[in-house]
Amino acid sequence: MLEKLNDYWKACCYLAAGMIYLWDNPLLKEPLKPEHIKERLLGHWGASPGLSFVYVHGNRVINKYDLNCIFIAGPGHGAPGVIAPAYLEGTISELYSQFSQDEEGMKNLFKAFSFPGGLGSHCTPELPGSIQEGGELGYSLAHAFGAVFDHKDLIAITVVGDGEAETGPLATCWHSNKFLNPVRDGAVLPVLLLNGYKINNPTILSRIENEELISLFKGYGYEPYIVEGEESLEVHEKMMSAMDSAVEKIISIWEEARSKNKPFRPYWPMIILRTPKGWTAPRKVGNHYVEGYWRAHQVPFSDAKENPKSLEVLEAWLRSYEPQKLFTPEGKLREDLRDLAPKGEKRMSATRYANGGLLRRELKLPDLKSFAVSVKTSIQDEAENTRPLGLFLKEIIRLNPDNFRVFGPDETKSNRLDAVFEFGKAWMAKVFPEDEDEGYLSPFGRTMEMLSEHTLEGWLEGYLLTGRHGFLNTYEGFAPIISSMVNQFGKWLDISSDIPWRAPISSLNLLLTSVVWRQDHNGFTHQDPGFITSIVDKWPNVVRVYFPPDANTLLCTAWHCFQTTNRINIIVIDKQKHPQYLSIEDAFKHAMKGIGIWDFASNHPEHEPDVVIASCGDIPTKEAIYAVRMLKKLFPELKIRFVNVLNLFTLTPNTEHPDGLSDREFDSYFTKDKPVIFNFHGYPWLIHRLTYRRNNHKNIHVRGYRENRKIGIDAGYLAPFLKGRGGITTPLQLAILNQIDRFSIAMDVIERVEALQDEGGYYKDLLKNKQIEALEYAYNHGVDKEFDETEL
Ligand SMILES: Cc1ncc(C[n+]2csc(CCOP(=O)(O)OP(=O)(O)O)c2C)c(N)n1
């Protein structure tokens, strides 16, 4: 067995090296010549032998214990080490006929690796069995835990790079085991690959003593098994025993917890695998160390085509795997070795768990109407925008008890979604008596809260990638923490959508709340609408950004998002009490259209307007509506059209985004030539970017959040009030200091509508007084004065 296992691994290593170096002569039937070497050598060798090593040992335990496993490669740049076993077990050939199990197929595989139009040099979506690319390091463990939550029979064999382990997201993620319930969840088997080096430096964890390592991981709640060495047969033997112990431990934890239906938090097994970086490559080439040193990270040596000495070294290295013993003359893996791979969907490259869309069941959604806020007199009724959503989510949990979870970094209550706590917060650590007092901690909880946005985002991604549904809520100001991670996930979705064998997965639904405009006590540090700016430029088939203006439109938006696949749906709305505008019936129509003219907020809406007032975002909408009310009083004849934008991408031409309006439709909302005062939630330039090709762009005047605090106030008379902007602010004060307030909008209308310019001067001055009064009131009372346009 040992010998066979070693041969299988040697075949993997041979293929990995072949992918990096060989253009022709794949089985080395002839002496190696320069023309057999690729023109351009690309790929990462360093992690590859270690990845394959873990993979073949995964295969062995799958067969021995009849397990369901997925393989997650933290250092996914070592793709040759994962492609190789996926090819050997046949899946790659089944999906891509050009990579057949023969000499020709092997040659094609070598050629296609890291080659234009071929296979990526990372564990890309095209690689069957992969659920993470591994290009941006740090997310393997989070994906693994997300994958096994509610998949009680699944083990995620997860290779964590020792460089990767230095990243913030990975470092915090070890704590995920405090959320893993052995009764209902599967298990993660982390294999920390201590190959000692990153690109150009040693890794920290490889340069501390084993005792320190053991203490560290015990402290994280794991029972580490150390496997170390360089002599392959010896290390195989140790790994076999470690894998057996780890798997048996997992099975016994499962059995113990499940037989009594009593969750407990064990020390979960993990493996620390200390082997050389670039294991089995030549130790030295010329004067340089390769195997066991950072030089092995990518292509160990690059001059084999030009330098006969290097060619000799390469040939000796490749022949050291004895390809003629591993493969038949036709290029097929030796028959007795083929038996080592699991069969059918037990193969980690063919498991449904890694093509989660195949496992996905539609989310059962309750009837929206029962959660609706009743809106009798638009504008007067106030409600917390997100609270009804919490009730809706709670009901979704009830209807989907094993394939839907809510995620949040300790803000679910603050974000008014706490109705979901009826089904508990997942928690496997200690519980105290006081937790009975609305702590809601439960091993079976359906809400996942940990103060690591990275971990949550990764859990949710893993959960979705393996076929389930979820919802993440976070403060808007801190969403940029996961901006890059969401970006990577979007790339994954974008590419996956074009791969015929990858079934669509549920969309990533991300609620940004506690928004920039309502940081009444948290102040400047919590003000940042930048996340949406970073995402709007990305893949139009994936990204959607919604700004529901009130509670009912939020419900309808969420309802829609839950039915979509392969998307990133960003919903931005505040959690505080705000005016409510639309009944659930009207909200539904508005949410489906994504944009609409609001009669109740317009003046003479049936006529061609003198001015269009547009809003996007709940707080800018409120201010814009108040502006219209003042303008109606001051200029009863003025024809004002009020447009609310809920789906941000309606603004984009339909040639650039599937949700974009055609130019004609856009003109029918915003006119071809009338002034448009656009009150926006985020940075004003974003609206300009989206609309710059529209007919009426030159008349669109956008107000939004401004960072130029020292010079940002156009109106000098407001400068004395600038000092409060970074700290405690009332909502109206913050709006005025960014000039998205009702007064600024009304003044803008007076300025932009030509017919008002003469008589308007008087009223503009009046509005300035009102602005100053409002700020004075805020400074003196700490709250805003009630809005009352009759005071004008
Ligand atoms: C977040 C992030 N930062 C930096 C890099 C660049 N990078 C690619 S590989 C690598 C070293 C990785 O070391 P390790 O995880 O130990 O992988 P291995 O040595 O096994 O290749 C670095 C820094 C990256 N891919 N992702």
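We did not get these values from a lab; they are worked out from the coordinates using the rules stated. Please read all numbers here as calculations on a predicted model, not as lab measurements. Glycine gets a Cβ as well: all are built from the backbone with ideal geometry, and neighbour counts include every protein chain shown.
Which FRET efficiency, nearest 0.05, do residue 437 and residue 673 yield, Cβ-Cβ r, R0 60 Å? Let's see the in-between values first.
Working: r = 62 Å, r/R0 = 1.03.
Efficiency, rounded to the nearest 0.05: 0.45.
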Normalised contact order of region 678-792, rounded percent, pairs of Cα under 8 Å and 6 or more residues apart: 21 percent
Run the quick spin-label model on residue 231 and residue 790: label points 7 Å from Cα toward the beta carbon, then report their separation in nm to one decimal. 9.6 nm
At 7 Å along Cα-to-Cβ for each site, give me the label-to-label distance between residue 63 and residue 210 in nm. 2.9 nm
Listed by chain and number, the lysines with an alpha carbon less than 28 angstrom from that of residue 309, same-chain partners under 8 positions apart left out, are 10, 29, 33, 38, 107, 111, 198, 277, 284, 325
Derived scalar couplings ³J(HN,Hα) [region 648-664; Karplus, 6.51 cos²θ - 1.76 cosθ + 1.60; whole Hz; x for Gly, Pro]: 3, 6, 4, 6, 6, x, 5, 7, 10, 8, x, 8, x, 7, 5, 4, 4
For region 408-540, what's the relative contact order in percent, using C-alpha pairs closer than 8 Å and at least 6 residues apart? 25 percent
Low-density loop positions, GluC sites (Glu not before Pro), region 173-267 - DSSP coil, at most 15 other Cβ in 10 Å: 209, 230, 231
With +1 on each Lys and Arg Cβ and -1 on each Asp and Glu Cβ, how big is the dipole of the chain about its Cα centre, in debye rounded to the nearest 20? 520 debye
For each of 539, 459, 559, count neighbouring Cβ atoms within 10 Å of the residue's Cβ, then give the residues from fewest to most. 539, 559, 459
What is region 83-218 by shape, rounded, prolate or oblate, if you read a ≥ b ≥ c off the alpha carbon gyration tensor as root eigenvalues and call it rounded for a/c under 1.5, prolate for a/b larger than b/c, and oblate otherwise? oblate
Partner aspartates and glutamates for residue 364 [C-alpha distance under 19 Å; skip if fewer than 8 residues away on the same chain]: 150, 395, 402, 422
Add -39500 (n - 2.57) for each DSSP H run of 4 or more in the chain, then divide by its residues: what number comes out at 222 nm, to the nearest 500 deg cm²/dmol? -11000 deg cm²/dmol
Determine which lysines satisfy two conditions relative to residue 260: a Cα distance under 19 Å, and not lying fewer than 8 residues away in the same chain. 152, 249
Subtract the Cα-Cα distance of residue 245 and residue 258 from 0.36 nm times their separation in residues, and report this length gain in nm to one decimal. 2.7 nm
Taking a ≥ b ≥ c as the square roots of the Cα gyration tensor eigenvalues, with a/c under 1.5 meaning rounded and otherwise prolate when a/b beats b/c, else oblate, which class fits region 1-160? prolate
List residues of region 384-401, by number, whose backbone nitrogen lies under 12 Å from a label position 7 Å along Cα→C-beta of residue 444. 401
What nm value, rounded to one decimal, do you get for the distance between residue 525 and residue 766 when each label is placed 7 Å out toward the C-beta? 4.4 nm
Can you work out the PRE-style zone for residue 361? Point 7 Å along Cα to Cβ, and I want the residues of region 554-591 with backbone N under 16 Å. none
Kindly identify the chain as rounded, prolate or oblate by the Cα gyration tensor criterion: order the square roots of the eigenvalues as a ≥ b ≥ c, call it rounded if a/c is under 1.5, otherwise compare a/b with b/c, prolate if a/b is larger, else oblate. prolate
Note down the relative contact order for region 171-269 as a percent, whole number, built from C-alpha pairs under 8 angstrom at least six residues apart. 40 percent
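For a footprinting-style exposure proxy, rank 485, 239 by other Cβ within 10 Å, fewest first.
485, 239
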